[in-house]
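Notes to accompany the following structure.
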Amino acid sequence: MKEERQAATGKGRPADLKTAQAKATPIAEIEVVGEDRRLTHIGEFDRVLGGGVIPGSVILIGGDPGIGKTTLLLQALPRLATKEAPVLYVSGEESPRQIKMRGQRLGIEHPHLLILAETSLELILKSIQEVRPVAVVVDSIQTVYTEQITSAPGSISQVQEVAGQLMWFAKRAGVPVFIIGHVTKEGAIAGPRLLEHIVDTVLYFEGDKGHSYRILRAVKNRFGSTNEIGVFEMKDAGLEEVSNPSELFLAERSQRSAGSVVVSSLEGTRPILVELQALVSSTSYAMPKRMANGVELNRVSLLLAVMEKRLGVHLSGQDVYVNVVGGMHIDEPAIDVGIVAAVASSLRDIPVEPGFLMLGEIGLGGEVRAVSQAEARIREAAKMGFKRCLLPERNLSKLDPIEGIELIGIHEVREALDVVLA
């Protein structure tokens, strides 16, 4: 299908919002006032945003349909309202009555939360000018269209043009705009992959339908750190913050199960302890199976090759399955030692001591390399009651003793297995 694109009025600016030509200003003459962040008072949400909402910022929130994006923003938006200025929730998918019913379930009856069911961008901007809200949510970007483009709502040109005009409005008016975008079956936000360069902040709301928790992850943030996460638990009354994610992910861990270890994942500035499991069994196939959930399969294959070459562990006749419990996704090499220890534990059917934390990246030569923020990871483990930590010797040489936990330094992966499977 060929899209027809008309020239946008004012090059992406709504016709009724055009102003005089902007004037170039020397950077030394630009006045900068103190950073004025507005708190939603949802700690996990504010953490991911970098400490609150910046006025005039455009924030894109993506995720699978039904994951809880609308619930999160319905809970957060009223907290930005003031007695003098309301907040506006624009829905192109639900009627005001449906949103009211959802709000009642969540216990939201805020008098300054305004609901607008509209899909025309021109009418939405007109309503915003009349209402003058302090924050706006557009749910979702795929349903909104502008009359300046003749293609269907949700098309590439419509999504880009609508986002561009919302961005221009946000910067001019100093009003933060939250844009919701749904993720397609291919894993891209339907349209929003096209929008990531336009918006200020990109957040992904992740979760597994088999688990009640949700993870809000920042992948782009012009006003804060990226790769920061916030953890929530979905309950009947909506989303609740999880202040101690490590406790959540380790709550149901079996204490004496072969193939189970605990590793530390650094999510932004926050270390999180998670259980990593491996299962090794004799294969009934000509080609042994390799499966990984929550970790990169290619990384697992590389570590299995290191085990065969450097440790003499023969896995060519074994199926190997690796899983991060709870549906957490980890993409950092600091869990390498944990993966190898879990596989060896399952293969030999020897449980790893319950109070053991594994840290370390493994090189192709079998050497164990240093990891970042080792002290923060270890202190989190000590707080959770762990008594021993296996870590690279290079990290150990730079650390002072930490009360309550024994630190064991290693140079090679062989030493790790000698310690944990002794």
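Any residue that is within 23 Å of Lys220 (Cα to Cα), of a type in the set (S, T, N, Q) and either part of a loop (DSSP other than H, G, I, E, B) or not assigned by the TED database to the domain that holds Val231 (or both) - is there at least one of those in region 56-68? Checking region 56-68: at least one residue is within 23 Å of Lys220 (Cα to Cα), of a type in the set (S, T, N, Q) and either part of a loop (DSSP other than H, G, I, E, B) or not assigned by the TED database to the domain that holds Val231 (or both). For region 379-422, a residue qualifies if it is buried (at least 18 other Cβ atoms within 10 Å of the Cβ) and either among the polar types (S, T, N, Q) or assigned to a loop (DSSP other than H, G, I, E, B) (or both), and the qualifying residues are Phe386, Asn395, Ile405. Would you point out the residue of region 221-253, among those that are hydrophobic (A, V, I, L, M, F, W, C) and farther than 19 Å from Met384 by Cβ, that is surrounded by the fewest Cβ atoms within 10 Å (Cβ to Cβ)? The selected residue is Ala237. On the stretch given as region 87-112, residues that are closer than 21 Å to Gly52 by Cβ and either in a helix (DSSP H, G or I) or at pLDDT 95 or above (or both) total 3. Among the residues of region 247-265, those that are at pLDDT 90 or above and outside any loop (DSSP other than H, G, I, E, B) comprise Ser260, Val261, Val262, Val263, Ser264, Ser265. Taken as a whole, the structure leaves Gly210 outside the set of residues that are at pLDDT 90 or above and more than 17 Å from the chain's Cα centre (by Cα).
Consider Gly360 carefully, then state whether it is farther than 13 Å from Ile272 by Cα, surrounded by fewer than 16 Cβ atoms within 10 Å (Cβ to Cβ) and modelled with pLDDT of 95 or more. Judged against the criteria, Gly360 is not a match. For region 308-332, give me each residue that is of a type outside the set (A, V, I, L, M, F, W, C), modelled with pLDDT of 95 or more and under 28 Å from the mean Cα position of the chain (by Cα). Passing the criteria: Tyr321, Asn323. Applying the criterion of being part of a helix (DSSP H, G or I) and not hydrophobic (A, V, I, L, M, F, W, C) to the residues of region 69-84, the residue that is nearest to Val136 (Cα to Cα) is Pro78.
The values are calculated or read from the model by the stated rules, or taken from the named source; none is laboratory data. The shown structure was predicted, so the numbers you read here are calculated from the model rather than taken from an experiment. Please note: Cβ atoms are built from the backbone with ideal geometry, for glycine as well, and neighbour counts cover all protein chains shown.
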